[in-house]
Amino acid sequence: MRKRTMLLTGAALCALSACSLAPATVLAQPAPRAAAASGDDEGRGDNARATQLYREGNDAFKQKRWADAELLYLKAWALVRTFDIAANLGEVQIQLNKARSAATFLAFALRTAPPSTKPEQIARIRHFLDEAKAQVGTLRVRVKNAADAEVLVDGERVPEDAVKHEVYVEPGERTLLIRRAGYEDEVMRVVAAAGVTETVMPELKPKAVKVPEATGPGTAEQGTAGAKAPGDGGVAGVKGAAASGTGNTKVPAAGARVEERSWVPVIALGAASAVGLGVAVGFTVASNNASADVDRRGNAILQAGGQCSKPSAAFVSRCDELDSSLRRIDTFGNGARLAYVASGALAITAAAYALWGPPREMRTSRIRALPELRTDGAGFAVLGVW
């Protein structure tokens, strides 16, 4: 984007300088060569609009309508930035008790005033700048190893031009954030005092360079081969790296994988253990009920004068029911034992995983425990692979 500056005609200069009651600094900035040579219609339009706003601001200034004058000067400043607009704007803001902003504009006006500026105008700008600086704190930020670092005061970015010279802040504790690509952010707290200039000279720390992890044996071999120098077999290169200070950097071995503990297996195993315990309790209750049923049926057969060794026709049906209840006792009992064992094994596995994590090498050894339910009992079949 083409930088726009004020372009004024001789007639406008005469009109502005003729205002005897206007502020001491008048709009007398000559047109920059780039704007005059380009003949940019849009630029000329901005200049004409800024000139009109500047005149209206001077009228408000003469009538001491400070708020109106400030608004008009700010509008002109948004179109073009010249020392005279900045000087008048700073003087108005002094009247409005905006010392920090006034100091910023007045310092800009003093830095950019052309050689043709009258000495009394320079003296007037310097007078009001000193008055503003007496009410605010002044910081000079000089980053030792990054002159182009970005500076933020209380979260507000300071313009680059101001950073190179002086930064004006309200009195009190201020937070400075200094940052630049490739460096760690530096956060500083300073206590600014009115009328006091303090120089801050931080030094940014370069960000640590992360060493890429090796992804496989091929990568490690390629890196070793690339480090070898002719005739030294690669040993000198390794020693040189250690001597240069990189020996403290731990690089994961080729193919290595850093395991992160996950609590999902612990939760899943714990839940399965709880389910197994519930099933075991259910089988136990069912087995006890079947046992009570056996006692009841057996007592009924005995009280009726029967027996089930060689039952008579009248007791065959009752003896079959009694035998069925006896089989249910065995079945439920075996199921309960199996469920108790499974619940315990799952609980132990969950505890072991929580304490020690997963096995380091799952490829070299593996153990599996499989439940086994038979008509004559129950148990676990343990399978191991080494």
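Throughout, read-outs are computed from the coordinates displayed, never taken from laboratory work. Worth saying up front: this structure is predicted, and the values here are computed from it rather than measured. Don't worry about glycine lacking a Cβ; one is built from the backbone with ideal geometry, like all the others, and counts go over all protein chains shown.
For the stretch 58-181, lysine pairs separated by 8 or more sequence positions, or belonging to different chains, with Cα-Cα distances below 29 Å total 20. Compared with the alpha-carbon gap, the fully stretched path from K62 to A271 is longer by 66.8 nm at 0.36 nm per residue. Normalising the Debye intensity of the stretch 50-140 to I(0), with uniform scatterers on Cα atoms only, and taking log10 at q = 0.24 Å⁻¹ returns -1.23. A viscosity of 1.306 mPa s and a temperature of 10 °C, combined with the Kirkwood radius over Cα pairs in Stokes-Einstein, give a translational diffusion coefficient for the stretch 137-181 of 147 µm²/s.
Working ranking of peptides 124-132, 319-327 by packing, defined as the average number of other Cβ atoms within 10 Å per residue, highest first, is 124-132, 319-327. Each residue of the stretch 172-187 was assigned a 3J(HN,Hα) from its phi angle through the Karplus expression (A = 6.51, B = -1.76, C = 1.60, θ = phi - 60°), giving x, 6, 10, 10, 9, 10, 10, 9, 7, 4, x, 10, 6, 5, 10, 10 Hz with x at Gly and Pro.
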